[in-house]
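Structure record follows, encoded as structure tokens.
Each value in this text was obtained by applying a stated rule to the coordinates, not by laboratory testing. Being a predicted model, the structure only gives us computed values, none of them experimental. As a convention, Cβ positions derive from the backbone with ideal geometry for all residues, glycine included, and neighbour counts pool all protein chains shown.
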Amino acid sequence: MQRSPITLAIHGGAGTILRSLMTPEKEQRYLEALRKARDLGFDVLEKGGSALDAVEAAVVELEECPLFNAGRGAVFTAAGTHEMDASIMEGAGRNAGAVSLVKGVRNPIRLARQVMEHSGHVMLASEGAIEFARLRGMEFMPEEWFHDDFRYQQWQEIRGTDSFQLDHRDDKERKFGTVGAVALDVFGNLAAATSTGGMTNKRFGRIGDSPIVGAGTWSDNRTCAISCTGSGEFFIRGVVAHDVACLIEHKGMGLQEACDEVIHNRLLEIGGDGGLIAANASGDIALVFNTEGMYRAAKSDRGLDLVSIYKD
């Protein structure tokens, strides 16, 4: 059996990310966090591990880092709690698992994989997902473990109002802090994973695209693996992740061309902004966004070694 090339890409959110709004110290913290998560995932691939294990490892590391709106850095809801969403999918059999509105679970992406492999379902939400997490022995953390002063201040600015916002303080610093990873392993299998804390001050059990298979996450060995970040309502309406795969399968587009079409044309047509990372079974990677920046990193055994934030 011929060995497949190995590739891994991650993102930590997209949006109005400008050098002028970033201190050198903060920029370095982001770059180091992205590099660490990427290298952890790629190390799994180098040791012959599965793409599924690799994307899970990378996203767990991003969930552990309070710089990103996932896991420990999740934003505050209107009730002052943290409601987290995540999904994971493998490309060989198109099996998937997702969780939404979970509280207290240290690593929602691990729970999403448990749903995929042990529940007989694809998506669990809220109290049911939490009950399943306890049955599977998942690690829970107290509310204060998820607290981050920056996220708390974001919430304080709109607390008690009907406003909600993505991970930003104003339009000059508009960011979507969702995290994700895509990978191709030595066996030629793809996988994708996405995790988020959602919107600051969100109410009514709002759910974005991250836990929705086909909208925020997709993986199919025949086409591509995708993880999205952006204005979730628009990614759901555009079924963005699956739309890329459809252009590849039915229109014969290449990976980069399909991603460009969806992010720079189709998504913008309905008013959406954000980005995605993508990989295919040939070892190609695409990192596409229609915003000023996207926290991103990628690595392959063909010499690709990228850690970047801004558009240029």
Residue 143 paired with residue 27, simple spin-label distance in nm, labels 7 Å along Cα-to-beta-carbon:
3.8 nm
What nm value, rounded to one decimal, do you get for the distance between residue 304 and residue 282 when each label is placed 7 Å out toward the C-beta?
1.2 nm
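Within a 10 angstrom radius of the beta carbon, how do 295, 30, 310 rank from fewest other beta carbons to most? Before the final figure, lay out each step's value.
Values: 295 28, 30 19, 310 13.
Taking fewest neighbouring Cβ atoms as first place, the list is 310, 30, 295.
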Under the helix-only model (-39500 (n - 2.57) for each DSSP H run of 4 or more, divided by the residues of the chain), the mean residue ellipticity at 222 nm, to 500 deg cm²/dmol, is -9500 deg cm²/dmol
Under Stokes-Einstein, the chain at 10 °C and 1.306 mPa s, with its Kirkwood radius over C-alpha pairs, diffuses with a coefficient in µm²/s of 85 µm²/s
Distance-filtered residues of region 228-248 - backbone nitrogen under 12 Å, label point 7 angstrom along residue 94 Cα→Cβ:
242-243, 245-246
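If you average the sequence gap of Cα pairs under 8 Å that are 6 or more apart and divide by the length of region 7-310, what percent do you get for the contact order?
Working: 830 pairs, mean separation 77.1, N = 304.
Dividing the mean separation by the residue count of region 7-310 yields 25 percent.
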Quick one: which residues, 5 or more positions from residue 188 or on another chain, have an amide H under 5 Å from its amide H? H modelled 1.01 Å from N in the peptide plane, none for Pro or chain starts.
4
Amide H contacts under 5 Å for residue 177, restricted to residues at least 5 apart in sequence or on another chain and with H modeled in the peptide plane, are 69, 167
Say we join alpha carbon atoms closer than 10 Å with springs in a Gaussian network model of the chain; which of 204, 235, 132 then has the biggest fluctuation?
204
When 196, 81, 7, 291 are arranged by how many other beta-carbons sit within 10 Å of their Cβ, fewest first, they go 81, 291, 7, 196
Taking 8 Å as the Cα distance limit and 6 or more residues as the minimum spacing, I'd like the relative contact order of region 222-302 as a percentage.
34 percent
Ordered by fewest other Cβ atoms within 10 Å, a rough proxy for footprinting exposure, 100, 282, 87 read 282, 100, 87
